[in-house]
Amino acid sequence: MPTITGLAAVGVLALLLTIGASAALPAPVAWVEPSMERVGPFDSAGTASEIDLYAAQGETESFQIIVRAAGENLTNVDVTAPDLGGPEVTLYREHYVYLSTGSGDWASNRNRPEGPGWYPDPLIPFDDPATGQDLVGAQLDAVPFDLAADRNQPIWVDVYVPRGTAPGQYSGSFTVTSGQGQASATLNLTVWDFAVPLRPSADSSILLWTMRRDLATARELLQHRLMPSSVNRGDESYLISSYGLGATGLGFWSGADGTNCLMRSPPSVAELQAAAAEHEPELKLYNYTADEIDSCTNLYETLRSWARNLHAAGVDNLVTMAPVPELYDDGSGTGRSAVDIWVILPKMYDNASDRVIYCQQKGDEVWSYNCLMQDDYSPKWAIDFSPINYRIQPGFINQSLGMTGVLYWRADLWSTDPWNNVEAYAPWYPGEGMLVYPGQQVGVPGVVASMRVKWLRDGIDDYDYVHMLEQLGLGDQALEIARTVGPDWSDWTRDPAELEAARRQLGEMLSSLGGASHGIVARGQSDPRDVGSTGTTSLSATAVDGEGHAITSWHWSDGGAGGSFAPSADVQGPEYQAPVNMTEFDLIVHLTVTAGCGEAVGSHTIELRVRPREGAFYDVPDDHWAHAAINACLDAGIVRGFPDGFYRPGRSVTRAEMAVYIARALTGSDAAVPELTGPTRFPDIPADYWAAKHIEYAAGARIVGGYPDGMYHGDWTITRGQMSVFIARSMVDPTGEEGLADYVPPSTPTFPDVQTYFWAYAHIEYLVEHGGGSGYPDGLYRPTATCTRDQMAVYIARAFGLLEQP
């Protein structure tokens, strides 16, 4: 059993434990342990007499008092907590569960379980958390208890520091009593000079199946800084203001997972908007749409349609899968990814780290999750793994890798005897799917936490420490500290003392700065920004003053680069025009915000990427074969790039996109395409579909049509033959198929792979004859090959006179 020897070893409270003795009877043996040390029922007694910890305002820190019956039985054991004059103490008796099998273990594992045996995990509260009254008469009662000779009973101690508690030292004494004697404890609590936010900066989604929307259950999770995936909508306002609820799932399930690779069509935009409108406006809304569909490439197009509808309703799309290029774009024309929140296992991160980083830079969120034991090195959440496994993932590893949240697939998977049998999923996955225990057995509504939930809570706090330092401009220093203990999924520390030392260092930095409470925290939106080929962008930012001062003064500067602000640099959201001679990545705009009191100042830097006008897209250099055509279509307003500055010339074109390009080319601009006055003629293209007006316009001009089932199938990709039909129809006057009625194609085919009997033969020959199309250098046309964005641009540019045919 480790001995606690110094302030740096353990974190938030100083506890001096003095063992008293009755003159007639031997006193119980008692000692203290930090929160991340498990003590078994038969472990040898410890010797630590003090423990040193520190806590921020709004934070809960924990430790353990271990009571041992040395040599003879103890009866009527109880523990009383002191009145600290502000900080609040909650006590629990740790309940042991027995693992008959334990997690799978191999000698080659770099992170090994501790094996079968007794483990403390469920926590029996001394008092009713809702009323503060002593809990009596339940199946499991915390105190008083009897303890057999040579057995240990740990007591879990939570110390919560309410917001507004004055920084400084607080003292009081615990008392351990029994029929055989007592022990006393002196507690010295140091409260740091900063507060953690009520709403954690790390997102989370903890799924509940049995206790799905129970208010008491939601409170229990939120008190531990974990977000339930859904709550009763009538409880949202209360949970937001009192417990920091910040996000909720919308609850539409596609039916898709890695075992079936089947996905239902998405709800309509109107249906999603109606569901979203029922929630409190300040909540972040997401929809957990599909699960582990990495191998289901057949679902990508349907998933993109889910994404477009969700995005139109203002809802983020969450999917457990690694990023793939096919889903970097939802097909709406905005460049937004089809998945907004990629939720991945450690092994998924390690197998696709380049794609993960790309999506993070693009602006997507990436969360981590934990399930079963799918590698031999990353943190595991089964009961028989060391406690640091739970804390290191949501905190320091997530921060080190830029991951912004954590998900767990279920928290209430219970056996018929959950307080004793924690192997409901399988004997070799103890505790899988259960982070909480039913409250009925201990006399409380809802659920009660496990020790594992406490460790997850502390990890969320660790994440906040780094985040707050980032807000104060010390992000690099904070991440450097975080990465000393949790740099990645393989090399994280197994030593709780190292983790506590890192946390202590971050906490001291925040306390010396007063957290975010003594200055302005300024944050720019969409960072980094791509100004685009026009060199103009709208600047925006938010500013937070922790002392309640009004933000009255804004000033923007581009460091003398020579750009201009309209109407001025002293407004909250000006238009910025970059200098015309700027080159890529060389302009930085600085934002400085001043509080109404004139003393508190904060600043944030937004990096604007300004590309030169020639070669407007990063992935279309001057020597790209379609460079001139793509830029000609860009100038004509027919095509657009993506927000990250890329055109993606090799990406396939969908039927909806083709209708958009043709409609823009025929009318002259996107704005000139007539707005819809009613429903479209295609049942699968509702009026709120992103390309609805373009498809309807092109269909009215007899350029595009539906399939025999009456549908348009806008998400289906087109072939070169289909592209030729669309463009040929758009070139004739009158437009449409009827305009080609008098055209007589040559009797000898131009291309050996497009014979006279091919269904699009006349259209392809018409394009060739009128300068709108050509084949490959080998003389083939490849009419069944997928049409790409660069090919489409060349054909449209030639067909509409934007580019001369060579």
Write down the Kirkwood hydrodynamic radius of segment 63-177, to one decimal in angstroms, obtained as one divided by the mean of 1/r over all alpha carbon pairs. 16.7
What nm distance separates the two modelled labels at SER774 and GLU72, each placed 7 Å from Cα along Cα→Cβ? 10.3
Degrees separating the helix 496-513 axis from the principal Cα axis of the chain, which is the longest one: 80
Test of understanding: what is the full-extension gain from ARG233 to VAL744, defined as 0.36 nm times their sequence separation minus their Cα-Cα distance? 177.4 nm
Expressed as a whole-number percentage, the relative contact order of segment 144-250 with C-alpha contacts under 8 angstrom and at least six residues apart is 19
If you place +1 on the Cβ of every Lys and Arg, -1 on the Cβ of every Asp and Glu, and leave all else neutral, what size is the dipole of segment 202-304 about its Cα centre, to the nearest 20 Debye? 120
Just to confirm the number: angle between the C-alpha axis of helix 451-471 and the first principal axis of the chain, 0 to 90 degrees, nearest 10? 60
Overall form of segment 708-806 per C-alpha gyration tensor (a/c, 1.5; a/b vs b/c): rounded
Just grab the label-to-label distance for SER44 and THR484, each label 7 Å out from Cα along the Cβ direction, in nm (one decimal). 3.1
Could you work out how far apart the two model spin labels at ARG110 and GLU280 are, taking each label as a point 7 Å from the Cα in the direction of the beta carbon, and quote it in nm? 4.2
Rank by packing, highest mean first: peptides 694-703, 265-274, with packing defined as the count of other Cβ atoms within 10 Å averaged across residues. 694-703, 265-274
When the helices in the chain are scored as -39500 (n - 2.57) per DSSP H run of 4 or longer and the sum is shared across all residues, what 222 nm value do you end up with, to the nearest 500 deg cm²/dmol? -6500 deg cm²/dmol
Once you have a ≥ b ≥ c as the square roots of the Cα gyration tensor eigenvalues for the chain, tell me rounded if a/c is under 1.5, and otherwise prolate or oblate according to whether a/b is larger than b/c. prolate
As I understand it, the value is the acute angle between the Cα axis of helix 353-362 and the longest principal axis of the Cα atoms of the chain; what does it come to in degrees, rounded to 10? 70
When the charge dipole of the chain is computed with +1 at the Cβ of Lys and Arg and -1 at the Cβ of Asp and Glu, the Cα pointing farthest to the positive end, of SER184, ALA218, ALA663, is that of ALA663
Antiparallel content of DSSP bridges confined to the chain, in %, to 5: 75
Tell me the per residue accessible area of the chain using a 1.4 Å probe; a whole number in Å² is fine. 38
Count the net charge of all other residues whose Cβ sits under 13 Å from the Cβ of ASP105, scoring Lys and Arg as +1 and Asp and Glu as -1. 0
Rank ARG483, ARG729, ARG655 by accessible area, highest first, at a 1.4 Å probe radius? ARG483, ARG729, ARG655
Quick one: if the Förster radius is 41 Å, what FRET efficiency do SER242 and LYS347 give, using the C-beta to C-beta distance and rounding to 0.05? 0.60
Where both partners of a DSSP beta bridge lie in segment 159-267, what percent of those bridges are antiparallel, to the nearest 5? 90
Residues of segment 69-108 with the amide nitrogen closer than 12 Å to a label point 7 Å from the Cα of THR186, along Cα-to-Cβ, please. none
Expressed as a whole percent, how much of the Cα-Cα distance distribution for segment 139-269 exceeds 20 Å? 67
Keeping all protein chains in the complex and leaving out DNA, RNA and ligands, what accessible area do you get for ILE662 with a 1.4 Å probe, in Å² to the nearest 10? 0
Can you send over the solvent-accessible area of LYS380, 1.4 Å probe, protein chains only, in Å² to the nearest 10? 10
Please enumerate, by chain and number, the aspartates and glutamates with C-alpha under 16 Å from the C-alpha of LYS693, excluding those fewer than 8 residues away in the same chain. GLU657, ASP670, GLU675, ASP684, ASP715
Of the accessible area of segment 713-806, with the probe set at 1.4 angstrom, what percent is carbon plus sulfur? 53
May I ask you to list the lysines whose Cα is less than 16 Å away from that of LYS380, ignoring any residue fewer than eight positions away on the same chain? LYS347, LYS454
Go through PRO746, TYR766, PRO783 and say which Cα lies farthest out towards the positive end of the charge dipole of segment 701-806; charges sit on Cβ, +1 for Lys and Arg, -1 for Asp and Glu. PRO783
With all protein chains modelled, accessible area of CYS261 [1.4 Å, Å²]: 30
Charged-residue dipole, Cβ positions (Lys, Arg, Asp, Glu), the chain about Cα centre, Debye nearest 20: 940
Expected output is a single nm value to one decimal: the length gained when fully extending between TRP118 and LEU198, i.e. 0.36 nm times separation in residues minus the C-alpha distance. What is it? 25.2 nm
Positive-end extreme of charge dipole, the chain - chosen from GLY333, HIS555, ALA48 (charges on Cβ): GLY333
Just need the relative contact order of segment 91-175 here, percent rounded to a whole number, with Cα pairs under 8 Å and 6+ apart. 32
Calculate, in nm to one decimal, what ASP257 and ASP83 gain on full extension: separation in residues at 0.36 nm each, minus their alpha carbon distance. 57.5 nm
The local net charge around PRO749, scoring Lys/Arg +1 and Asp/Glu -1 for residues other than PRO749 whose Cβ lies under 13 Å from its Cβ, equals -3
For the chain, what does the relative contact order come out to in percent, with C-alpha contacts under 8 Å and a separation of six or more? 10
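The values are calculated or read from the model by the stated rules, or taken from the named source; none is laboratory data. Source: prediction; values computed, not measured. Every residue, glycine as well, gets a Cβ built from its backbone with ideal geometry; the counts of neighbours run over all protein chains shown. Remember, those area values only see protein heavy atoms, side chains included, never the ligands or the DNA or RNA. Shrake-Rupley method; radii C 1.70, N 1.55, O 1.52, S 1.80 Å.
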